[in-house]
Amino acid sequence: MVSAVFHAPLDASSMNPSTAPSAPERPLAKVAPAAPSRPPFDWRGMWLRVLPPIFGLGLLVGIWALVSVSTGSSIPSPAATWEAAVKLFSDPFYRNGPNDQGIGWNVLSSLQRVAVGFGLAALVGIPVGFMIGRFTFLSRMFNPLISLLRPVSPLAWLPIGLLVFKGANPAAIWTIFICSIWPMVINTAVGVQRVPQDYMNVARVLNLSEWKILTKILFPAVLPYMLTGVRLAVGTAWLVIVAAEMLTGGVGIGFWVWDEWNNLNVQHIIVAIFVIGAVGLVLEFALIKLASLFTFEEVKA
């Protein structure tokens, strides 16, 4: 006996899932992008940048105070020098005659001499450096002269300037000129000589004129070396002007230091030392920034 079992008809979807209508999709919730986490502040790096200079200045002031105490205050203490500096800079641009002027006028007079002498040295030294580096004959001709004259102390040229120019101010400018020209000549010549030979071969193939070679190839490649020579030259010029003005007199920071020594005002001499250092630091920092704008990254590193 065969019994038949009847089942309820199944839903079509259960029989053939592939043909069953799909359920409506729910829209996915938008996930907001995670906000970038801000890196923690580098306190250790900040302290490593700030604390060492503070400790260095503190060490200088401490040694200075000990020296002042040990010499019976013949060397003014930091506090006494600070009081003198406050009074001095309360009116740095006074005028009480040609030989009694504020420290501001003296610094400006020295900077003017440095600018004139340094500018003349740049006008002469940079083109001479290009020619020495570019042409082997000129290099062999001028190298012995540079090697002979460069080690001479700049102040040794001061009597020559007094003899030729018959005046203290042009003699001081001449001394700055002669001491500033050597770094620019040497660094510019070295930069020209280090230009890759491939550049010059391409210029020869393209049959470029000497002016095109100078302006399109040599000048951009030599500019970092040239600016390095300029930075070294201006530092040397600022060093020399102080000593030259001590010997020639007139208005200037060097003469002002010597005049304060004659008046036995040691506090003002110490203030002038810091002023000279600060001005030299500003000049060098400005030229370093200028050089970094025209220096390739691989040279910077």
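Filter the range 55-87 down to the residues that are assigned to a loop (DSSP other than H, G, I, E, B) and within 29 Å of GLY102 (Cα to Cα) and list them by number.
The answer is SER73, SER74, ILE75, PRO76, SER77.
Taking VAL114, is it outside any helix (DSSP H, G or I), in contact with a helix residue (DSSP H, G or I) (Cβ under 8 Å, 6 or more places away or on another chain) and either under 30 Å from GLY249 (Cβ atoms) or not polar (S, T, N, Q) (or both)?
no
Only one residue in ALA84, ALA115, ALA79 is open to solvent by less than 80 Å² (accessible area, probe 1.4 Å), touching a residue at least 24 places away in the same chain (Cβ under 8 Å) and either of a type in the set (A, V, I, L, M) or farther than 30 Å from LYS212 by Cα (or both). Which one? Please lay out each step first, then the result.
Numbers: ALA115 fails: touching a residue at least 24 places away in the same chain (Cβ under 8 Å); ALA79 fails: touching a residue at least 24 places away in the same chain (Cβ under 8 Å).
After applying the criteria, what remains is ALA84.
So the check is Cβ under 6 Å with 6+ separation or different chains; which pairs have a first residue in the range 164-189 that's over 14 Å from SER110 (Cα atoms) and a second one that's not in a helix (DSSP H, G or I)?
TRP182/ARG150
What are the residues in the range 245-266 that are free of Cβ contacts under 8 Å to residues at least 40 places away in the same chain, of a type outside the set (S, T, N, Q) and open to solvent by 40 Å² or more (accessible area, probe 1.4 Å), if any?
Correct list: MET246, TRP258, TRP261, LEU264.
Pairs please, first residue from the range 45-65 and within 17 Å of PHE274 (Cβ to Cβ), second anywhere and in a helix (DSSP H, G or I) and open to solvent by less than 60 Å² (accessible area, probe 1.4 Å), Cβ atoms under 6 Å, 6+ apart in sequence or on different chains.
What qualifies is VAL61/PRO78; TRP64/PRO78; ALA65/PRO78.
Checking PRO98 against (1) open to solvent by less than 30 Å² (accessible area, probe 1.4 Å); (2) touching a residue at least 60 places away in the same chain (Cβ under 8 Å), which test does it fail?
(1)
Given the structure, is TRP211 in a helix (DSSP H, G or I), on the phi < 0 side of the Ramachandran plot and surrounded by 18 or more Cβ atoms within 10 Å (Cβ to Cβ)? Outline the logic, then answer.
On the way: in a helix (DSSP H, G or I): yes; on the phi < 0 side of the Ramachandran plot: yes; surrounded by 18 or more Cβ atoms within 10 Å (Cβ to Cβ): no.
Judged against the criteria, TRP211 is not a match.
Kindly indicate the residue of the range 187-200 that is open to solvent by 60 Å² or more (accessible area, probe 1.4 Å) and outside any loop (DSSP other than H, G, I, E, B) and also nearest to MET246 (Cα to Cα) among those meeting that condition.
Of everything passing the filter in the range 187-200, GLN193 is nearest to MET246 (Cα to Cα).
Can you find even one residue in the range 88-95 that is loosely packed, with under 11 Cβ neighbours inside 10 Å, assigned to a helix (DSSP H, G or I) and within 27 Å of the chain's Cα centre (by Cα)?
No: the range 88-95 contains no residue that is loosely packed, with under 11 Cβ neighbours inside 10 Å, assigned to a helix (DSSP H, G or I) and within 27 Å of the chain's Cα centre (by Cα).
The values are calculated or read from the model by the stated rules, or taken from the named source; none is laboratory data. Model, not experiment: these values are computed from the prediction. FYI the Cβ positions are ideal-geometry reconstructions off the backbone, even for glycines, and counts take in every protein chain you see. Accessible surface is based on the protein model in full, side chains and every heavy atom, while ligands, DNA and RNA are left aside. Shrake-Rupley method; radii C 1.70, N 1.55, O 1.52, S 1.80 Å.
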